[in-house]
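> Shown below is the structure under consideration.
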Amino acid sequence: MPAVKTTHWRSFYLCLCAIVIAGGVMVLVVPRLAGLFLLGLYCIPTNSIFPLPHEPGILYFAQFYDPLWIAIAATIASVIMSFADYAMVQAWMRHPRLGSVQHTRLFQWAVRWMKRWPFAIIVLFSLTPLPISVVRILAPASGYPVSRYIAAQIVGRLPRFFALAWLGAAVHFPAWALVAIFVATVGLFWFTTQSPKDADEATDDPAPEVADPGPTAPA
């Protein structure tokens, strides 16, 4: 398992270096395509196990570039991040405390379903608004080969990104609305991940003590 983890990290770093070099050359040769390079960098962390929204970036840059080029740039970024997702999930599964969740009944049930139709499930979650973070965790946890996972990602993500880019080109969303989408998505994730224990501790704070006024004088 450690060798596999190292391989995934190495693949991620090599792909990341390749896109940085290729993007830098592209910006120097064709400066008007700099936005596609920025979009690719934006879509790397927003297409990972972390629930960060990629939609605002795609909708914004779609106002300036052809939807097909937008879809290609975002798909490449998603593929690059796939290697890091595999490495992070495998490291998480080996952690003595964090990895205990893989032994829960719900997680094992999800992994069993993932093993039945892995390619179809990955395509479904990649194409639709379903939370892609789910399969980005379940695919490596179930031992699905990263090459097939990337192939399923391409099949599902490319048309999804193209549809989003087409929408962004047809409807020009104001910048404040895109920022609001990003903030709302991150805020919703933070709110839903707060444990009930933390909430109880926040609401059950002891009331401040009130000084005893002492005995009252008779009227």
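> Report the gain in length on full extension from Ala184 to Arg105: 0.36 nm times residue separation, minus Cα-Cα distance, nm rounded to one decimal.
25.3 nm
> What is the sum of charges, Lys and Arg at +1 and Asp and Glu at -1, for the other residues whose Cβ falls under 15 Å from the Cβ of Ser48?
0
> Give the distance, in whole Å, between the Cα centre of the range 18-33 and the Cα centre of the range 41-75.
17 Å
> Give me Ser78, Ser11, Ser100, Ser48 sorted ascending by neighbouring Cβ count inside 10 Å, so fewest comes first.
Ordered from fewest to most neighbouring Cβ atoms within 10 Å, Ser78, Ser11, Ser100, Ser48 come out as Ser100, Ser11, Ser48, Ser78.
> Decide, for the range 1-72, between rounded, prolate and oblate: order the square roots of the alpha carbon gyration tensor eigenvalues as a ≥ b ≥ c, take rounded if a/c falls under 1.5, and otherwise choose prolate if a/b is larger than b/c, else oblate.
Cα axes put the range 1-72 in the oblate bin.
> Hey, with R₀ at 22 Å, roughly what FRET efficiency would Leu130 and Ala163 work out to, going by the Cβ-Cβ distance, to 0.05?
Plugging the Cβ-Cβ distance into 1/(1 + (r/R0)^6) gives 0.90.
> With Kirkwood's inverse mean 1/r over C-alpha pairs for Rh, give me the Rg to Rh ratio of the range 62-139, two decimals please.
1.07
> Further question: How much net charge surrounds Gln108 when only the other residues with a Cβ under 15 Å from the Cβ of Gln108 are counted, with Lys and Arg +1 and Asp and Glu -1?
+4
> Let me make sure I get this right: for the range 109-156, a, b and c are the square roots of the gyration tensor eigenvalues over alpha carbons, sorted descending. Under 1.5 in a/c it's rounded, otherwise prolate if a/b > b/c, else oblate. Which is it?
Oblate.
> For the pair Arg10/Arg94, report the inter-label distance in nm, with labels modelled 7 Å from Cα in the Cβ direction.
My value for the distance between the label points is 1.5 nm.
> Continuing with this model, one more query. First check a/c for the range 77-121, with a ≥ b ≥ c the square roots of the eigenvalues of its C-alpha gyration tensor; if it is under 1.5, answer rounded, and if not, answer prolate when a/b is larger than b/c or oblate otherwise.
It comes out oblate by the Cα gyration axes.
> Next question, about the same structure. Please express the shape of the range 69-192 as an equivalent ellipsoid: the semi-axes are the square roots of 5 times the eigenvalues of the C-alpha gyration tensor, given largest first in whole angstrom.
28, 19, 13
> Contour minus end-to-end for Ala177 and Trp117, with contour as 0.36 nm per residue of separation and end-to-end as the Cα-Cα distance?
Full extension from Ala177 to Trp117 adds 17.9 nm.
Each reported figure results from applying straightforward, stated rules to the coordinates on display, with no laboratory input. In this text, all values refer to a predicted model and were calculated from it rather than measured experimentally. Quick reminder, even Gly has a Cβ in these numbers, built from the backbone with ideal geometry, and neighbours come from all protein chains shown.
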